[in-house]
Amino acid sequence: MHTPTDWIELGRRGAFTTTQVAALLDVEPSRVASWLSGNPPLIETDLPSVAGRLALSFDGLIEARAINYLLAEGVSRRRLAKAMKAMRQRWGDPHPLARERRLTTDGGSVLELQGEKIIDLLTDAYLHPETLRPALAGRVFFRSGRAAWLEPYPEEMPLVRIDPARAFGRPVVVEHTTAVPTETLATSARVDGLEEAADWFGVSGAAVSQAVAFEERIAA
């Protein structure tokens with residue numbers, strides 16, 4: 001029988017439930033869960049389930065973000081699943097879309113921009129499509145080619161970050177050397193006011209405002 005300590009341990013490893021990932025991507029949890037099933041699945045699970053609930057690693061979260069973008073831009077699930085399987089086999093990597101690649105699509109294929117070159121990641125062939133879709137939203141920072149942290153809304157909320165090395169991967173506001181969970185700041189601002197929350201946690205009013213805006217967005 002699984003106990004709450006199992007979830008605590010997964011949290012320490014930077015795990016995310018399908019519900020948490022869904023809130024960040026603004027999709028239904030069942031949609032995220034469906035990406036973890038199928039043969040082949042769109043996302044390979046590398047964490048155990050707890051009480052029947054699925055969990056994603058930080059790499060899984062970054063990959064879910066890319067998959068949601070590609071599906072929304074018109075890439076079929078069948079073609080995307082084939083591309084995912086081909087990339088895993090080609091690079092020996094269970095999460096190829098969580099690495100430092102400039103992804104885009106023409107609405108049908110999974111493409112990577114390499115300088116002036118455009119590569120179809122299913123066939124590994126060079127292409128020259130006439131129309132590329134808008135770039136993937138948000139900003140991912142990489143270290144040695146691996147995803148280090150995600151800024152989900154870098155233009156509107158540049159201080160909000162999801163970093164598996166901070167607060168067990170929960171969304172935080174990072175200002176200088178201080179990192180505070182967005183939920184904590186938003187709750188404090190609601191109870192005590194923005195200025196009091198900023199003073200108590202040693203961050204700026206802008207940091208608190210961004211935490212509040214982020215929590216309101218994912219709760220909408």
Stokes-Einstein D in µm²/s, Kirkwood radius over Cα pairs - the stretch 152-220 at 25 °C with 0.890 mPa s viscosity:
212
Once the convex hull of the alpha carbons of the chain is built, what does its volume come to per residue, in cubic angstrom?
139
Using θ = phi - 60° and the Karplus form 6.51 cos²θ - 1.76 cosθ + 1.60, what ³J(HN,Hα) does each residue of the stretch 167-183 get, whole Hz, x for Gly and Pro?
6, 6, x, 6, x, 9, 9, 10, 9, 6, 9, 9, 10, 10, x, 4, 4
Along the stretch 31-45, Karplus-curve 3J(HN,Hα) (6.51, -1.76, 1.60; θ = phi - 60°) to the nearest Hz, with x for Gly and Pro, reads 5, 4, 4, 5, 5, 8, 10, x, 9, x, x, 6, 10, 7, 7
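Only the coordinates and a few stated rules stand behind these numbers; no lab work does. Quick caveat: nothing in here was measured; it's all calculated off a predicted structure.
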